[in-house]
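Notes follow the structure.
The values are calculated or read from the model by the stated rules, or taken from the named source; none is laboratory data. Because the structure is predicted, anything quoted here is derived from the model rather than measured. Because the Cβ atoms are built from the backbone with ideal geometry, glycine has one as well, and the counts that use them run over all protein chains shown.
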Amino acid sequence: MIDSQFQVPQPQLTAYRRSSLLFGLSGGVLLLGVVALLVAQQGWFQRQFHVRVVAPTSMGLAVGTPVRLSGLRVGVLERINLLPDGRVTLLLRIPDRYRAWISPRSTARISTESLLSQSAVDLIAAPMDPDRVPQEFQISYTRASGLEELISGAEATRKELNGLLRSTQRIADQELPAALKGVQAVSASSSALASTVNREIPPTTTELRNTLRTFEQTGRAATRTSDQVERTLAELRPDLKVSLQEFAQLMARSNALLKGLQGFLEPASSSPVPAAKP
């Protein structure tokens, strides 16, 4: 009676075991799938051969970096070794089925298609009889194109710009101050010359104006005298009247010229010459 009260129902126990079994089977299948994928990617159970590449740098590379042939992934970077001269040796692991396209005559380069993409080791095919291709050999390295070449060009441009900046700084530090001093000296000389002109022009203009007035008065007196002489000579010598008229016209032109010169000098004496700005 007591045992029957504490007995676990059999249907619930069967469902629990069934769920546990299904969960375990699902986990096992998932694990086998992951292992199979790793085996397929790494080629652990395939025949493989190795290729060595001596490159100047391994920047952007790491163990597991893909190896490509004509854009297709054919292997992985297995190891990176540093050489005594600072270069690096890249050991590539490639499945045996690609042996017909990769030989000692092939070349390799490191390429990066964009700033965000992963670097890769690209191989240039050189077909050869697979039986003549050794199990491990070395191929030559060629300079990559694309982003790496762009970066190298940018580095060279940066060095040229640095040299230009240093030259500009040297000019600014050494030659520019001397040129500025010369400009300042010329400006000071121009200011002194302008001040001298401002001081000297008004007195000179006044004296010249007085002289012109004297000339004008003299001309008027000469005109009156010539009129008197003309009348007198007209009475005494009628034949000299024509010559006297020509002389009167000449004196009139002289007076007009003197008035024009005086009018030209009046504005110059009233407004001083502006000083030159430094």
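General observations
- Verdict on A100 being outside any loop (DSSP other than H, G, I, E, B) and assigned by TED's automatic domain parsing to the domain that holds P56: no
- Residue pairs whose Cβ atoms lie under 7 Å apart, separated by 6 or more positions or on different chains, with the first residue in the stretch 218-229 and under 14 Å from N255 (Cβ atoms) and among the small types (G, A, S) and the second modelled with pLDDT under 70 and surrounded by 11 or more Cβ atoms within 10 Å (Cβ to Cβ), are S226/L244.
- The number of residues in the stretch 94-132 that are surrounded by 17 or more Cβ atoms within 10 Å (Cβ to Cβ) and touching a strand residue (DSSP E or B) at 6+ places or on another chain (Cβ under 7 Å) comes to 15.
- Among the criteria (1) surrounded by 12 or more Cβ atoms within 10 Å (Cβ to Cβ); (2) out of contact with any Leu (no Cβ under 7 Å at 6 or more places or on another chain); (3) at pLDDT 80 or above; (4) not aromatic (F, W, Y), the one T157 does not fulfil is (1).
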